[in-house]
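Below is one structure, written out as structure tokens; comments come after it.
The values are calculated or read from the model by the stated rules, or taken from the named source; none is laboratory data. As the structure is a computational prediction, the values presented were derived from the model and not from experiment. Cβ coordinates were reconstructed from backbone atoms using ideal geometry, including for glycine residues, and neighbour counts include every protein chain displayed.
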Amino acid sequence: MPIFESTVDVDAAPAAVWDVLVDTARWPQWDSGVLGVEGSVALGAKVTVRVEANPGRAFPVKVVELSPPGAMTWRGGMPLGLFTGTRTYRLSAQGAGTRLVMREEYTGPLAGLVTRSIPDLQPSFDRFTAGLKARVEGGAGAA
């Protein structure tokens, strides 16, 4: 099953990266692949994401981990654990900067079947991390 992951080193402290990461309403300003995000980031909250990679669908997820400024996990999928997608964001201090690792993986009995219909998300993951880096470091926006 596919796993998508993108890593970027940002020239800023974890708290500065975290502030941009959890401000999901502004993601479309710096990542052209994000069409919109509804909901706010809070533990147990629902967030719905619309992306260019799959424009006809909205992806509702639940925030299942929120540990500022180091970790956030979103989870969504089918009832009874038949298919689950888990996206993690991990921030770690790297000298004076921050390493961000964004990862998504799929589990459940129907994961093999469902993942056949998921487009290649790697380019959108790479665009997201590059855009976040540019935004935090004061750049003009998405890469």
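In table form, for the structure just shown:
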read-out	value
Residue count for region 109-141, restricted to those that are among the basic types (Lys, Arg) and without any contact (Cβ under 8 Å) to a residue 24 or more places away in the chain	1
From the options 51, 47, 22, residue that is crowded, with 16+ Cβ neighbours inside 10 Å, under 13 Å from the mean Cα position of the chain (by Cα), modelled with pLDDT of 95 or more and closer than 28 Å to residue 109 by Cα	47
Hey, residue 74 touching a Leu at 6+ places or on another chain (Cβ under 9 Å) and surrounded by 14 or more Cβ atoms within 10 Å (Cβ to Cβ) or not	no
Yes/no for residue 5 being closer than 25 Å to residue 111 by Cβ, among the acidic types (Asp, Glu) and either out of contact with any helix residue (DSSP H, G or I) (no Cβ under 6 Å at 6 or more places or on another chain) or surrounded by 14 or more Cβ atoms within 10 Å (Cβ to Cβ) (or both)	yes
Those residues of region 1-29 which are in contact with a Lys or Arg (Cβ under 8 Å, 6 or more places away or on another chain) and among the aromatic types (Phe, Trp, Tyr), in sequence order	4
Total residues in region 28-38, condition touching a residue at least 60 places away in the same chain (Cβ under 8 Å) and either over 18 Å from residue 126 (Cα atoms) or of a type outside the set (A, V, I, L, M) (or both)	5
Qualifying residues in region 80-103 (those that are touching a residue at least 40 places away in the same chain (Cβ under 8 Å) and out of contact with any helix residue (DSSP H, G or I) (no Cβ under 7 Å at 6 or more places or on another chain)) - the one surrounded by the fewest Cβ atoms within 10 Å (Cβ to Cβ)	96
